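A.B. asks: Dropping the structure in here first, questions after.
The values are calculated or read from the model by the stated rules, or taken from the named source; none is laboratory data. Here the structure is a predicted model, which is why all the values come from computation and not from measurement. Every residue, glycine as well, gets a Cβ built from its backbone with ideal geometry; the counts of neighbours run over all protein chains shown.
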Amino acid sequence: MIILAIDPGITGALAFYNTAETRFIEVFDMPILNGNVNPHQLWAMILVRKPHIAIIEQVSPMPKEGVSSVWRFASAYTTAHTVVKLMDIPLFLVSPAKWKRAMNLKGGKEGKEQARERAIETFPSYAPSFSLKKHHGRAEASLLAVYASTLPTIKNHAGPSDDPNLHPSLPVEP
């Protein structure tokens, strides 16, 4: 199964994780055009890789963030969410605290650096993709995909289903 994991935001990233080949990961920075997420390029990137499910970090504004910063971030999150939904890919949402706690990662700036280090350990063949501090979004998207692969709800979900116990677009519970 191919899992698409998205760390939303202008500095966010996408990871495509093949659960059959756990050392294989494709990571990309969020496609940006004129300062916004480019929905057409995002669609094309996803279409080529044909993920079975998607998981997006369900984020909310942080205290003391400026209005324009919150607006841009919300726009990026909404664009990613909408593109995935329009492609009919089953979508799951998870809070940053929940998946980072499960992956033993800290929050904040310290957690971003820790995520880069963990991504390099988990995917050593792809270390150059995580080598710079600005690659924290790639690292978080990659580890979010690994986290998703451990969830029973997602492990048992290889495509569209009529199972009433699956709640796409709702927060996942392990």
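A.B. asks: So which residues in segment 106-115 are surrounded by 12 or more Cβ atoms within 10 Å (Cβ to Cβ) and over 19 Å from Thr22 (Cβ atoms), if there are any at all?
C.D. replies: Lys106, Gly107, Gly111, Lys112, Glu113, Gln114
A.B. asks: Criterion first (under 23 Å from Tyr147 (Cα atoms) and either of a type in the set (S, T, N, Q) or at pLDDT 95 or above (or both)) does Val27 satisfy it?
C.D. replies: yes
A.B. asks: Cβ-Cβ below 6 Å, separation at least six or inter-chain, first residue in segment 143-164 and within 18 Å of Ala97 (Cβ to Cβ), second part of a loop (DSSP other than H, G, I, E, B) and modelled with pLDDT of 85 or more: which pairs?
C.D. replies: Leu143/Met103; Tyr147/Met103
A.B. asks: So which residues in segment 27-46 are surrounded by 15 or more Cβ atoms within 10 Å (Cβ to Cβ), in a loop (DSSP other than H, G, I, E, B) and either in contact with a helix residue (DSSP H, G or I) (Cβ under 6 Å, 6 or more places away or on another chain) or free of Cβ contacts under 8 Å to residues at least 12 places away in the same chain (or both), if there are any at all?
C.D. replies: Pro31, Asn38, listed by residue number.
A.B. asks: Looking at (1) modelled with pLDDT under 95; (2) under 20 Å from Leu42 (Cβ atoms); (3) in a helix (DSSP H, G or I), find the lone condition where Pro168 falls short.
C.D. replies: (3)
A.B. asks: Right, something else. Just checking, does segment 67-83 include any residue being of a type outside the set (Ser, Thr, Tyr) and closer than 25 Å to Glu21 by Cα?
C.D. replies: Checking segment 67-83: not a single residue is of a type outside the set (Ser, Thr, Tyr) and closer than 25 Å to Glu21 by Cα.
A.B. asks: Kindly establish whether Met103 is under 18 Å from Arg49 (Cβ atoms) and of a type outside the set (Phe, Trp, Tyr).
C.D. replies: So Met103 does not fit the description; no.
A.B. asks: How many residues are more than 20 Å from Thr19 (Cα to Cα) and either in contact with a Cys (Cβ under 8 Å, 6 or more places away or on another chain) or assigned to a helix (DSSP H, G or I) (or both) when one looks only at segment 131-149?
C.D. replies: 5
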